[in-house]
Amino acid sequence: MTSLAVPARSIGAVLNNSWVSFGLRRAGRLVVSLWVLVTASFLMIHLIPGDPVRAALGIGAPPSLVQARRHALGLDQPLLSQYLHYLHGVLTGDFGISMTSELPVSEIISQRLPATLALSLLAFLVALLIAVPLGTGLGVLTRGGRARGAELAFTTASAIFGAIPDFLAGVLLVWLFAVRLHWFPVAGRGGPSSYVLPVLALAIGPGAVLARILRVELLAVLQQDFVRTARAKRLPALAIYLKHALPNALTSTITLGGLLLSVMVAGTVLVENVFAWPGLGSTIVSSILDKDYPVVQAVVLVYGFGVLLVNLAVDIALALLDPRSTIREA
Amino acid sequence: MGTPAKPRWIGRRQLGLAAVASLTVTVLAACGGSNSASTKTATGGGTFTFGLSSDPGNLDPQASAASNLYQMSFLAYDPLLSIDNSGKIQSQLATAWKVSGKQVVLTMHKAITCSDGSAFTATTAAANVNYIADPKNKSPFAGVFIPAGAKATGDDSTGTVTIDLPSAAPFALNGLAGVPMVCQKAITDRSLLAHKTDGTGPYTLSTAVANDHYTLTKRTGYTWGPNGASTAAAGLPDSINVRIIPNETTAANLLLSGQLNAAAITGPDVQRLQAAKLFAAATPSVSGEMWFNQAAGRPGADQQVRLALTRALDLGQVEKVWTSGRGTPGTTLAANAPVACPGDSVSSALPSFALDAAKAALDSDGWTAGSDGIRTKNGKPLAVTFLYNTQTGAAGSAAAELAAGQWKQLGVKVTMKAQDETAAVNTLFSTGTWDVAWEPLNVSSPDQLVGFMSGPVVPAGENFAHIKDPAYDALVAKAQTMQGAAGCPQWLAADSTLVSHADVIPFANQVQQVFGKNAQFAVVSGELQPTSIRMGG
Amino acid sequence: MSEAIEASTTRATEPDRLAARARRSRWLPVLLSPVGAGAGIGLFLLLILAVFGPAVWRKRAEQADVAHMLQGPSAAHWAGTDNLGRDLFARVMVATRLSVELALTATVIAVVAGFCLGAAGFVLGRRANRAVAAVVNVAVAFPGILLALFFAVIFGVGAKGAVLAIGFAGAPAFARLTQTLVAGVEKRDFVAAAHVAGIGRPRVLLRHVLPNIAEPLIVNATIGAGGAFLSFASLSFLGLGVQAPRYDWGRLLGDGLTGIYTQPVAALAPGIAVILAGLAFNLFGEALAKGVGVTATINRPIRGRIRPPVGVPAAPDRPAGAEVTGEADDVLSVQGLTVSFASAAGRVHPVRGVDFRLGRGEAVGIVGESGSGKSLTALAIAQLIEPPGQVRAGQLRFLGHDLLAEPAHRNRRLLGTSLALVFQDPMTSFNPTRRIGSQLAEVGRRHGGLSRRAAAARVVDRLRSVRVPAAERRARQYPHEYSGGMRQRAMIGMGLMGSPALIIADEPTTALDVTVQRQVLDLLQSIRAADGVSLLLISHDIAVVGQVCDRVLVMYAGRIIEELPASALARDSRHPYTRALIAAVPHMQTDRDRPLAVIPGRAPDPAEVPPGCAFAPRCPLASEQCRSSEPPLLADAQGRRVACWHADQVTAGQAGPTIGTPNGARA
């Protein structure tokens, strides 16, 4: 489920001027969320019906081997001690051993994480670079009901782009620009030119959605009284849009930007598959299909943690940007 | 479909095939589009980039016979003997060989060095064989390439290895040609092999990034390749970069753009690559093979049911759909080159397509159709769990739908179950919840089949279909007394027996192609021979 | 007893129910907007296809023809054939039903599960609410596809597993939405009343809260359904979706993608279907969201191109004598000012021909009811009317400059420094994200050419001059840290950054309480006194205008209907409307036992101005002449103007039959 119309902040506590208390509260929330995340990823293996070890080892696995592996994974211990052991492992950076490659999972993650990070961060930046100028420009162009044709065209085009699944976009991009035109490499992570197609595939959909939302936000902001004041001050149009309107439109855009980064991260799962990108996305799919649960657990943790960090960053950015921001209680 | 890779070959955990030696290559097109191959220029050096469809995992060559690991092992390790595509045994680590009864004596090449600098001696070779033959070590090669219970001794002074087999093995040398040898240090400390290589092969692993790429660099002074091939030959790449590319279409694209030098492609992209006139090295193999679960209580235990299910299918049509028109009907059960016993043991023995006869047979067998069309006997409905491998992608599911449709007409309740390689192997070899399975088994010599077609059932043995066919057993017993190819008539007759009894129905062969760009190479039994690579062209 | 209480609390939601009904009637405009109509049609077609598609195409879809497998598009097979030679177009059509079913089922699961999860906090109390919120926050943070993969592994591959996976993966977002909505509704009075009445929480949730949050839930569910199509396609691409022999678009797409380079149409056909279906749901949901929030405004432009400006209509020909004679050093000289907008009802003119002048140091007030056009007049003069509104005037001069002749940017400096504006709502008139000081400094830097330091110094100086205490500290604060009165003073200070010749104040004290009102008005007076600044004060409060201004213009239905000195207001007004306005102001001697005086009736809507005098329907002196022809604004010897056929009947000192005067004691 992609775009969701989240209502603006509806309740707020009294603004507590102290950044320390803000920081503490946020940090506390982060820790709690992390704990929930770790517990969920721990429970994952136990929710799966059947025997995960046997499913992974398959044949050539006489009962003794299965037993040995279960013992190695600690699955023959009582649940609580497994949990504590898992917590300890997470805190010390030990995520176990992969069942298929027998490499330490932390090594797999540290090898593949940079590729996914690079891809999703770049895609996020590109999405912003597409969306902010486009949304702002279109907002200015279509304010007050002007340029209805342009508005319709933009709404339709951005809706279409937003509706194309990213793996389909990736395949089409490869077909057109790599296979047919030979402008870019077909797959793999190499020099800068190898980033272009995967980043585009990831960024186009969310960028289009963000541009639409930004335009609507900007239109709403342009209706506000302070814009009229700015016009009364006879500031040049550019100053009005960039210094007065845009910062006010950005607050909800940032919230959505955070959401989009999550969507982007999700997109890496599919796009990496199309482009043979050596990141976490392709790892998690192959691990799920191979039933390599230690890897799946760890990747889920990493993704979850990353998204929590993004949320935190969004909250901080919002607090910085909007001086009125009221900090919500839970 | 996520990974429409080539059909894998199963055995114990994706058994590869009896490979080894010699250069026989089907050159379909010269690179560069010229119609004459005579003016090939071999520009050696550089890096040869090779695409594999999945990560090999633990790199110990003797711990698993997964096909991707098997391929990589041949880059860094050597077998004792090699075999060319016509079946002729040639030298590799051993320069001379003699088989007498239950004993095999090999004379080792002098001055073989390992990548870690140590020498590979006769005792090392013997230690390898003993390690594999020891059931304690659970090597998948035991009982297939090297008979279980074989004992080897090495004499370093004479440089000979003597292997005593528990019983006569007709294709023992073929078997030895399929087993990569590891160096002394690693025999005892297997952990050395998990992420590194320690072998005698022409290349050695220098960098490993799991699930991404492995880089191997050429070793100098290597002279014990198949039939004496060495790394000094012109045209050999300085390094080999093995890239893991699960998506076959991506691999095809990379081939076309030159970012890959070689990859095995079997899906719809074959057309594009052929149209681009890429070099291709081909291996015939079994692609579609139907098995019936003959465990007690299963409908497949009844031969009439098996025959009826087989006769309800127009296998020619099924084959066409399964291979998207690129395949051929089945020929032998052991179809990998080098085919030890060439011939056609299948087509004459195949039960013919006759839906009405199948219905009649079931009627007389006591399976009467109910009001919903499903046949029942003694209150039990004729329900079949139909397992097929998803590796063939859309073509596979289409063929499966075709078959399921035919069986529905027969009055059978079909539950279709599509599973990927891992899950299919798990079902066949562990959980056993299947009745009909489409899973290809590829070996090159018929004696490698015996464990699958008879003997102890899983999990103790390899007989996952619970086949108990006395006629087959008798013919096999006879064939095993004969040496090598002399027993082929019996082996082929044994094949035919299995087919006519509907124990196993190979319905499609397909040529597996390894395509190449800006390089040429030889593929023996589906494995790319590193010493055969010639860059450029 | 509790029944009665519950009944009364239910009644307490009646207004909301009516509002809901009113909202529902707003869904109709949604269907008429281009996007809404297009998406609505798309959805309708989709549903038709889902219901009837299999009946029409199933036979073709199942017909295997192996000899013609994997062919490209042709006359016989519009999208080509698949691996069994079956017609792909037919298969795409037939797959509609399963795809739609699956997507809708997954959405329903997501909404219901999300609602239950989100509402669980409400039902279970504060602590549980926090715990649920924490869990939901983490779950929402998860990329949907990961959750779906996770659930797919648990529930197994295939349609059932995929539906559950996508359903539960979408639940957290709806849980978060529910929580937010419930939190918003929770504070409302009727919920508190229900709690007090002892109605159990679950009941409150279902009967009181749910109806009020259903709308946004439905809108988001529609958008979510659009996303579900994409999710199914993604799962099938990975091989985890619908399995053979059943097929949905996702599976067809996944199969087709393997051969996309040889047979692109095999993938494009289902891909386009997925995209279109997703689009239809998305766009419809968004149109709903917009429609449910939109209110009809006069500003809604007519469809099609914006028509070229039309000439000044409707205002009657003015007799020459009524021309405003401007003097050379007038600050402001306005003639024939008209403001028009396009609306659904055609072109309307909220301001119809306004003339007046404003001299140096003068204070003129414009007074009138809402809808009289007074604010628009001020905005028009200040050149702040944006298209689609249009301003036309015979003459509009400010400090001698013809504002209409020259394009906007030429006048920028002039207007930026010599004209100060004070708006009604100080709360919203400042940019909340910038400090007051920088907003004031902008004027100085932009138009005064001041350096940053000089501008900052001037800011502090101006703030002091408008009596903002601790000006240096205050300059660094944000608008929300100021009180209302202080904000308004800061607004005035902003106007004083230049050296204004004219301050236009549009209802500057309406949003303030009385004591603060006094301060602001005093400030304006003192500025006038100190610098000789002219003032144009707009207000509906005739008492305020009377106190502050020298001259008063009374506007009604877009026209000036009387102009008189402020001193004459109390007793000397000549227009019935003005007199009624004066009479309606309560004073200390007003009899508290009688109802307050009002002017019965309502001012006409600008779109429905009657021919003749606009006040006629409410005027006690109205005659046939009044109703048929509009009285011109005529000046008398003293320069006072009035537009009334019966102005002479209402002479000074005579208490005419004004309506609703309490006790007429004043005259």
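Relative to the longest principal axis of the Cα atoms of chain B, helix B:67-76 runs at roughly 10 degrees. Per residue of chain C, the DSSP helices (runs of n ≥ 4 H) give a summed -39500 (n - 2.57) that works out to -16500 deg cm²/dmol at 222 nm. Of the peptides B:53-62, A:89-98, C:582-591, the ranking by mean beta-carbon count within 10 Å, highest at the top, reads B:53-62, A:89-98, C:582-591.
Highest first, please rank the peptides C:370-382, C:597-609 by the mean number of other Cβ atoms sitting within 10 Å of their residues. Don't skip to the answer; put the middle values down first.
Numbers: C:370-382: 23.2, C:597-609: 15.3.
Highest mean packing first, the order is C:370-382, C:597-609.
Seen against the Cα atoms of chain C and their longest principal axis, helix C:264-293 is set at about 30 degrees.
Per residue of A:163-175, other chain Cβ atoms within 10 Å of the residue Cβ number 6 on average. Ordering B:ARG243, C:ARG127, C:ARG201 from the fewest to the most neighbouring beta carbons within 10 Å gives C:ARG127, C:ARG201, B:ARG243.
Based on DSSP, what percent of beta bridges with both residues in the protein assembly as shown are antiparallel, to the nearest 5?
Details: 92 of 131 bridges.
Approximately 70 percent, going by the DSSP bridge assignments.
A cut-off under 12 angstrom between Cβ atoms defines the neighbours of C:ALA456, and their net charge, with Lys, Arg +1 and Asp, Glu -1, is +4.
If you plug the beta carbon distance of C:ALA67 and C:ARG246 into 1/(1 + (r/R0)^6) with R0 = 22 Å, you get a FRET efficiency near 0.30.
Using only the Cα atoms of the range C:99-296, what semi-axes does the equivalent ellipsoid have when each is the square root of 5 times a gyration tensor eigenvalue? Give whole Å, largest first.
Details: eigenvalues 271, 73, 27 Å².
Semi-axes, largest first: 37, 19, 12 Å.
Arrange B:TRP434, A:TRP35 by Cβ neighbour counts within 10 Å, fewest through most, would you?
A:TRP35, B:TRP434
With semi-axes defined as the square roots of five times the eigenvalues of the C-alpha gyration tensor, the equivalent ellipsoid of the range C:533-619 measures 22, 20, 11 Å, largest first.
Only Cα sites of the protein assembly as shown enter the Debye sum here, all with the same form factor; the resulting log10 I(q)/I(0) across q = 0.05, 0.07, 0.08 1/Å is -0.55, -0.88, -1.05, listed in q order. Translational diffusion coefficient of chain C (Stokes-Einstein, Kirkwood radius from Cα pairs, 25 °C, 0.890 mPa s): 80 µm²/s.
Using only Cα atoms and rounding to the nearest 10 degrees, what angle (0 to 90) does helix C:88-124 make with the longest principal axis of chain C? The angle comes out at about 60 degrees. Distance distribution P(r), chain B, all Cα-Cα pairs, bin width 10 angstrom from 0: 4, 19, 29, 25, 16, 6, 2, 0 percent. When DSSP beta bridges are restricted to pairs lying wholly in chain C, around 60% turn out antiparallel.
Working from the alpha-carbon coordinates of the range C:92-193, get Rg over Rh, Rh being the Kirkwood radius. Rg/Rh: 1.09. Sum up the charges of everything whose Cβ sits under 13 Å from the Cβ of C:LEU404, counting Lys and Arg as +1 and Asp and Glu as -1, but leave C:LEU404 out. Here the charged neighbours net out to +1. Taking a Cβ cut-off of under 10 Å around B:MET453, the surrounding Lys, Arg, Asp and Glu residues balance to a net charge of -4, with basic ones at +1 and acidic ones at -1. Built from the Cα atoms of the range A:191-330, the convex hull projects on average onto 11.7 nm², one quarter of its surface area. Eigenvalues of the Cα gyration tensor times 5, then square-rooted: what semi-axes does that give for the range C:330-564, in whole angstrom, largest first? Each semi-axis is √(5λ); the values are 29, 20, 17 Å.
No lab work stands behind these numbers, since they all come straight from the coordinates. Remember, it's a predicted structure, so these values are computed and weren't measured experimentally. FYI the Cβ positions are ideal-geometry reconstructions off the backbone, even for glycines, and counts take in every protein chain you see.
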